[in-house]
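Here is the structure we will look at, set down as structure tokens.
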Amino acid sequence: MSSSLIRTVDELDALESEWDSLARPFASPLFDHDWFSAAARVLHEAADLRVFTVREGGRLVGAAPLVIDRSRGHRLTMIGSRTLYEPSGWIFESPRALSELSRAVAGYGQCVALPRSPLSCNVGAALARDLK
């Protein structure tokens with residue numbers, strides 16, 4: 001598995017079909033590519049985008065749609081969460097993909113806030129483990 005960091009909306013938009021395939025099992029329009037792309041364009045400065053992705057065998061297996069929240073000490077937070085406060089989260093195919101995604105985000109070295117992230121997705125537990 002390999003991780004990478006997306007910093008532009010154009011790069012995010014290039015993932016649309018892969019993203020939506022990965023998000024389908026989460027069964028919420030708030031995990032779809034269109035929602036994150038629109039929120040990134042309208043609610044955030046372009047320079048603040050930080051979308052972490054994980055690939056395995058060239059296939060997208062995880063994504064953490066984050067941005068820098070300048071109003072709160074430059075911490076990482078979910079795209080759109082501060083303004084809209086809708087439930088949201090990371091998308092991933094397996095616990096292994098989540099672990100790789102968590103390590104990538106933890107390795108970035110910024111505080112992370114995940115408001116309204118469903119407890120069932122285990123993102124908080126993965127980050128707590130990987131930040132140790």
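The values are calculated or read from the model by the stated rules, or taken from the named source; none is laboratory data. Keep in mind the model is a prediction, meaning the values are calculated, not measured. When we count neighbours, we look across all protein chains shown, and the Cβ atoms used for this are built from the backbone with ideal geometry, even at glycine. The area values use the complete protein model at the heavy-atom level, side chains included, leaving out ligands, DNA and RNA. Shrake-Rupley method; radii C 1.70, N 1.55, O 1.52, S 1.80 Å.
Overview of results
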quantity: Intensity falloff of the range 1-75 expressed as log10 I(q)/I(0), Debye formula with alpha-carbon point scatterers, at q = 0.13, 0.27 Å⁻¹; calculated: -0.37, -1.33
quantity: Over the range 7-61, relative contact order from alpha-carbon pairs under 8 Å, at least 6 apart, %; calculated: 45
quantity: Å² of accessible area per residue within the range 26-66, as computed with a 1.4 Å probe and no ligands counted; calculated: 40
quantity: Beta bridges by DSSP in the range 16-119, antiparallel share as percent, to the nearest 5; calculated: 90
quantity: Ordering of 31-43, 10-22, 88-100 by packing [mean C-beta count within 10 Å, highest first]; calculated: 88-100, 31-43, 10-22
